[in-house]
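Below: one structure, written as structure tokens.
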There are 2 protein chains.
Amino acid sequence: MKSSTQQAIEITKANESKIGQVDFENLTFGNIFTDHMFVCDFIDGKWQTPKITPYAPLTLDPSARVFHYGQAVFEGMKAYKDDNGDTFLFRPDENFKRINKSAARLAMPEFPENYFFDGLTELLKLDNEWIKPGFGNSLYIRPFVIATQAGVSASEANEYKFMIICSPAQAYYSGDVSVLVAEKFSRSANGGIGYAKAAGNYAAQFYPTNLAKKEGYQQVIWTDADTHEYMEEAGTMNVFFRVNDTLLTAPTSDRILDGITRKSLIDIAKKEGVSVDVRPVKVSEIVAAAKDGSLKEIFGAGTAAVISPVKAFGYQGNHYELEKQENSFASLFKTALMNIQYNKAEDPFNWRHKI
Amino acid sequence: MKSSTQQAIEITKANESKIGQVDFENLTFGNIFTDHMFVCDFIDGKWQTPKITPYAPLTLDPSARVFHYGQAVFEGMKAYKDDNGDTFLFRPDENFKRINKSAARLAMPEFPENYFFDGLTELLKLDNEWIKPGFGNSLYIRPFVIATQAGVSASEANEYKFMIICSPAQAYYSGDVSVLVAEKFSRSANGGIGYAKAAGNYAAQFYPTNLAKKEGYQQVIWTDADTHEYMEEAGTMNVFFRVNDTLLTAPTSDRILDGITRKSLIDIAKKEGVSVDVRPVKVSEIVAAAKDGSLKEIFGAGTAAVISPVKAFGYQGNHYELEKQENSFASLFKTALMNIQYNKAEDPFNWRHKI
């Protein structure tokens, strides 16, 4: 693919596949993993020989840095199979660049491009049967890096483990969600690590999300930590607002994840002739638009869910329902994006990456 | 101790001790661990039978939540031995309360008080030889909780592991440090998790600290994320400023850790008749005080280092050196605090906790 490995991947195949035990019609997201995993250790200042091994538990010292100081970054990507049985990734270059951007912010070593792509390719060849054809089916791919060095001194580790594990997936969300706009809690600071796909960013969200659930909402729309006046992200996704026929979304920043689905949707929307306004989005303007009827849609965008339509939002004790739209942007863009992902449409942006 | 265990701790002793291999005169912080560890699993909605076992690696699924979504909190505490060979903890109630406060913010289950204290007591009895007498020697104790549930769905885990591991320690810092006042990076947001002793808060600090190191500083003084106008924490410690004979430190908040050393120092200072002003501390006032000579001292306060004197700070490209003080507050308070910790002085605050 990208380049030849300097060092061949050591492959140890599983003795037998677990695939026969899996009910592919009734998958819950992220609970079942394929037969193999990719592992590469960073020791003595360099990445060692990459390996593919049977999927197996990790053994780590209780003092491993990841448990204490949270150096852990990850990516989420998917492999899709078309009707011919060919396998595709979607913009994997972007995942590769982002995991290294996240790693750099957490003082972790960057991973070599050829190891990343060769590892992915070999892993997907070995576990290819786990990628089921059919629109909506996919193999969710989780590259991640953790600090493995033993010792509870509060500094960056000098030993890491880069891994890729894979989980067969159907659609992520079962229906439209209601979201609560954050008035007190926030997910990231200016000058912080909100833009990184860092494990610690996620742990911080569960408690406020649970509070929102108690009020009948499934997710939180995060607002800026300074003023809570601007819409930033929705749950673990980027968020879009359709006001009349214009699509609004916040610009990326050091607080906001540079989502691959987000930027792909912006390109698709523009190509479809939809006006896209990437600028800070005030909570007050969305509330006003909800009141005067010009707010047509809200949706989250991310790899796992692709697009997650929002049917209602809460803010300052008020509840705003959105009318169901015919020919919604959410539905239009989701189909357009998935058609590219599943090789059912032209790929004018050159996003598909055949394995 | 606090209360009797509902459930006895299952104890498995190590066959032989590693203590003979340890050079107690040349310890680096947090690298060597004692013979035993305390482990308690949260499964099926409750904490299972607590165990003390030989110190050993953990086995976790590669999809364990801690690796992906960062649910991990910890505490730092120390055990001290006096000249009679009696062992003491310092304000362990505060550590117990804080780890549960941290856990709650990360949507993790709270740990039972009796398990915490009984586990500590039994562990310190078993590994008592590892606590060396002598002023400055201690056993650093690291309680921590991690999410162990397998699966990469972005929600809080339903399985956790609470552990206590212990590492013999000498003094943490070797000398006075120079610190750089943060102008761009920050460690926590309003409405975030800065007050929690969460793993993710630490990973975020290493990269900015490395940038500071390139400029000749060892640590960063974190400022507020909104304006960078206020001093908040120093590295992984709380920070104090002595202007003339008044001690200044920021109030705790949702961004600032409620440090046990911090609040103990405030009490000691007040008892010594020193004026303590707990209020937001402007960077500009500290710079002005450095210029006019009224800034006498800066020091960090935390369990690992106790007090870490600052000899210089950098801000906006300028470097400010502090004059060495005779009878410094740092030295006075450190001695007073350690005298209480090591049972060399009265304990008017009832902070010592005999094992």
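Laid out as a table, the results:
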| item | result |
| --- | --- |
| Accessible surface buried once B binds A (1.4 Å probe; total of both sides; Å²) | 4800 Å² |
| Exposure ranking of A:Ser63, B:Ser153, A:Ser284 by accessible area [1.4 Å probe, largest first] | A:Ser284, B:Ser153, A:Ser63 |
| Gap separating the Cα centres of the stretch A:207-264 and the stretch B:155-191, nearest whole Å | 29 Å |
| Estimated [θ] at 222 nm from DSSP helical runs (n ≥ 4, -39500 (n - 2.57)) normalised by residues in the protein assembly as shown, nearest 500 | -7500 deg cm²/dmol |
| Value of relative contact order over chain B, rounded to a whole percent, pairs C-alpha under 8 Å and six or more apart | 18 percent |
| Candidate aspartates and glutamates - alpha carbon under 13 Å from B:Lys13, same-chain residues fewer than 8 apart omitted | B:Asp35, B:Glu122, B:Asp127 |
| Rounded to whole Hz, the Karplus (6.51, -1.76, 1.60) HN-Hα couplings of the stretch B:20-25, x for glycine and proline | x, 8, 9, 8, 6, 8 |
| Sorted peptide list for B:222-229, B:209-216, criterion being average Cβ within 10 angstrom, highest first | B:222-229, B:209-216 |
| Beta bridges by DSSP in the stretch B:177-341, antiparallel share as percent, to the nearest 5 | 70 percent |
| Order of exposure, largest accessible area first, which applies to A:Arg255, A:Arg279, B:Arg142 with probe 1.4 Å | A:Arg279, A:Arg255, B:Arg142 |
| Low-density loop positions, GluC sites (Glu not before Pro), the stretch B:4-83 - DSSP coil, at most 14 other Cβ in 10 Å | B:Glu16, B:Glu25 |
| Sparse-neighbour loop sites [trypsin sites (Lys or Arg not before Pro); the stretch A:257-330; at most 12 other C-beta within 10 Å; DSSP] | A:Lys324 |
| Using a 7 Å Cα-to-Cβ projection, B:Asn244 label spacings across copies, nm, ascending | 6.2 |
| Residues whose placed amide H lies under 5 Å from that of A:Leu295, excluding near-sequence neighbours | A:Asn244, A:Ala290 |
| For B:Leu248, distant residues with modelled amide H under 5 Å away | B:Phe241, B:Arg242, B:Val243, B:Asp277 |
| Unsatisfied cross-links (Cα-Cα over 20 Å) in the set B:Lys132/B:Lys270; A:Lys101/B:Lys184; A:Lys81/A:Lys334; B:Lys291/B:Lys311; A:Lys46/A:Lys354 | B:Lys132/B:Lys270; A:Lys46/A:Lys354 |
| Using θ = phi - 60° and Karplus 6.51 cos²θ - 1.76 cosθ + 1.60, couplings along the stretch A:278-294 (whole Hz; Gly, Pro as x) | 8, 6, x, 10, 6, 4, 5, 6, 6, 4, 4, 5, 5, 5, 8, x, 7 |
| Ranked order, A:Phe33, A:Phe349 - accessible area, probe 1.4 Å, largest first | A:Phe349, A:Phe33 |
| Efficiency of FRET from Cβ geometry, B:Gln325 and B:Asp83, R₀ 35 Å, rounded to 0.05 | 0.70 |
| Cα-projected label distance for A:Lys97 with A:Lys282, points at 7 Å along beta-carbon direction, nm | 3.3 nm |
| Distance between modelled label sites at B:Glu183 and A:Asn15, nm, 7 Å Cα→Cβ extension | 6.3 nm |
| Pairwise centroid distance, computed over Cα atoms, of the stretch B:27-71 with the stretch B:127-142, Å | 21 Å |
| Apportionment of accessible area to carbon and sulfur, the protein assembly as shown, percent (1.4 Å) | 44 percent |
| With all protein chains modelled, accessible area of B:Met108 [1.4 Å, Å²] | 10 Å² |
| Other-copy label distances relative to B:Lys291, 7 angstrom Cα-Cβ extension, nm | 4.7 |
| In sequence order, calculated HN-Hα J values of the stretch A:199-215 (Karplus, 6.51, -1.76, 1.60; Hz; x Gly/Pro) | 3, x, 5, 7, 3, 5, 8, 5, 5, x, 5, 5, 4, 4, 4, 4, 8 |
| Per residue accessible area of the stretch A:106-257, 1.4 Å probe, in Å² | 29 Å² |
| Ascending list, in nanometres, of distances separating the A:Lys13 label from those of the other copies (7 Å, Cα toward Cβ) | 5.1 |
| With DNA, RNA and ligands ignored, accessible area of A:Ile298 (1.4 Å probe; Å², nearest 10) | 0 Å² |
| Antiparallel DSSP beta bridges within the protein assembly as shown, as percent of all bridges there, nearest 5 | 80 percent |
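The values are calculated or read from the model by the stated rules, or taken from the named source; none is laboratory data. This structure is a prediction, so every number in the text was calculated from the model and none was measured. Glycine also receives a Cβ, built like all others from the backbone with ideal geometry; neighbour counts cover every protein chain displayed. Each accessible area value is taken on the protein alone, full model and side chains, heavy atoms only, with ligands, DNA and RNA left out. Shrake-Rupley method; radii C 1.70, N 1.55, O 1.52, S 1.80 Å.
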